[in-house]
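Working notes, beginning with the structure itself.
The values are calculated or read from the model by the stated rules, or taken from the named source; none is laboratory data. Note that this is a predicted model, so its numbers are computed, not measured. Here Cβ is always computed from backbone atoms with ideal geometry, including for glycine, and neighbour counts include all displayed protein chains. Remember, those area values only see protein heavy atoms, side chains included, never the ligands or the DNA or RNA. Shrake-Rupley method; radii C 1.70, N 1.55, O 1.52, S 1.80 Å.
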Amino acid sequence: MKISIETLDADKRGECPAELGFGNIFTDHLFTQCYDQGKGWHSQAIKPFHDFTLHPAASVLHYGQEIFEGLKAYRRPDGGINLFRPDQNVRRFNRSAERLVMPTVDEAFHIEAIRQLVEIDQSWVPDQASSSLYIRPAMIATTPKLGLGAATSYLHFIMAGPVGPYFKEGFNPVSVYVSDSFRRAVKGGVGEAKTGGNYAASLFMSEQAAKEGFTQVLWLDALEGRYVEEVGAMNICFVHGGRRIVTPELSGSILAGVTRDSVLQLAPTLGFEVAEERLAIDDIMAKIESGEITEVFGCGTAAVISPVGRLRYRGADKTINGMEAGPVARRLYEELTAIQYGRRDDPFGWIVRV
Ligand code: PLP
Ligand code: COI
């Protein structure tokens, strides 16, 4: 598959600002390809960033047949650019596609499209500390059809934008609200897929929690409301006694995070023990109270590692590590970002150079 390329002249290109938020500015170009049943994927192109025209009956607008991904490109000290685990990312994209009855993409081609887009927009890869180029692949159902059923035409696109820290807190601990009444996803549903509906389902509780000063919501399993699942934009880890890192086992309704998997592989090489277990919220709150749990942190592409300083569950607040970032989260953040930015060797084969 060949990508047709049309680039902006140098004098029409934008510039990466010095101050970066998250997800509000985009680079100069966009990758797109189209799918039609019987024809397969076609019209691969990188063009100047542009809007889409959609039929008002396009299935994505009514029934939410949509998937997306998030990965990052990092500026190396030598000026080069690293992609972090794009193979795992596209594999999850295809798992989401299968769950949402959408066509899968060729994995090597998808990574090559990312590589070419980042190369064309390389001046947008920031070199400030804690900044990177966030890459957002997505796929939407475009068939104009109000009868409920899988669409027969799709648009796959990849956009990118420079980002700073995901949370305004930066690496300072965030406060997390444990939702006892609303649920994000249920086993058998689409929680394992990265699809917009999961995020739409989370907004109501997230907005309420935000009004009370909480940055994220921690979701419990939807069947019993007893077991810890994940946070809105991250998986979650609990540190026991300063050395044993435990994260909820994948339950069928948790997103299998690439950062979570990286922590599970990296931490043992740093002398920590890791485990994936079913974690009851009552036990977690008791272990925070007793001091057995010494740190809590979230992990995800957007936030990397984010210490959690406070959990509220059923009206009771528990503070963790005196609302300070702990040594385990800090060590993992430093080691993981050192690999991502190319400041240390990558013994895991996670990095793909652009
Ligand atoms: N859980 C949810 C709901 C997410 O949106 C994310 C972010 O992608 C994660 C977990 C972490 O996944 P990853 O580390 O692959 O970014
Ligand atoms: C990511 O880390 O890529 C996420 O999905 C977070 C997103 C909801 C902003």
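Descriptive notes on the structure:
- Residue in segment 167-174 that is touching a strand residue (DSSP E or B) at 6+ places or on another chain (Cβ under 6 Å) and surrounded by fewer than 22 Cβ atoms within 10 Å (Cβ to Cβ) present: yes
Condition check ((1) touching a residue at least 60 places away in the same chain (Cβ under 8 Å); (2) among the hydroxyl-bearing types (Ser, Thr, Tyr); (3) farther than 25 Å from residue 3 by Cβ) across all residues:
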{"residue": "90", "(1), (2), (3)": "no, no, no"}
{"residue": "102", "(1), (2), (3)": "no, no, no"}
{"residue": "113", "(1), (2), (3)": "yes, no, no"}
{"residue": "117", "(1), (2), (3)": "yes, no, no"}
{"residue": "120", "(1), (2), (3)": "yes, no, no"}
{"residue": "148", "(1), (2), (3)": "yes, no, yes"}
{"residue": "168", "(1), (2), (3)": "no, no, yes"}
{"residue": "175", "(1), (2), (3)": "yes, yes, yes"}
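- Members of segment 32-67 found to be touching a His at 6+ places or on another chain (Cβ under 8 Å) and assigned to a strand (DSSP E or B), listed by number: 32, 33, 34, 35, 36, 41, 46, 47, 48
- Residues within segment 255-290 that are away from ligand 2 (no atom under 16 Å from the Cβ), open to solvent by 10 Å² or more (accessible area, probe 1.4 Å) and either outside any loop (DSSP other than H, G, I, E, B) or of a type in the set (Val, Ile, Thr) (or both), tallied: 18
- Members of segment 234-244 found to be surrounded by fewer than 22 Cβ atoms within 10 Å (Cβ to Cβ) and either part of a strand (DSSP E or B) or within 13 Å of ligand 2 (Cβ to nearest atom) (or both), listed by number: 240, 244
- Condition met for residue 184 (touching a Cys at 6+ places or on another chain (Cβ under 7 Å), within 11 Å of ligand 1 (Cβ to nearest atom) and closer than 25 Å to residue 169 by Cα): no
- The residues on offer are 70, 80, 21, and the sole one that is under 30 Å from residue 171 (Cα atoms) and open to solvent by less than 10 Å² (accessible area, probe 1.4 Å) is 70.
- Total residues in segment 294-348, condition part of a loop (DSSP other than H, G, I, E, B) and either open to solvent by 60 Å² or more (accessible area, probe 1.4 Å) or among the aromatic types (Phe, Trp, Tyr) (or both): 9
- Number of positions in segment 203-233 that are touching a residue at least 12 places away in the same chain (Cβ under 8 Å) and either in a loop (DSSP other than H, G, I, E, B) or open to solvent by less than 20 Å² (accessible area, probe 1.4 Å) (or both): 21
- For segment 151-201, the set of residues classified as within 13 Å of ligand 2 (Cβ to nearest atom), over 21 Å from residue 52 (Cα atoms) and part of a strand (DSSP E or B) consists of 163 only.
- On inspection, residue 179 qualifies as polar (S, T, N, Q), assigned by TED's automatic domain parsing to the domain that holds residue 208 and closer than 22 Å to residue 195 by Cα.
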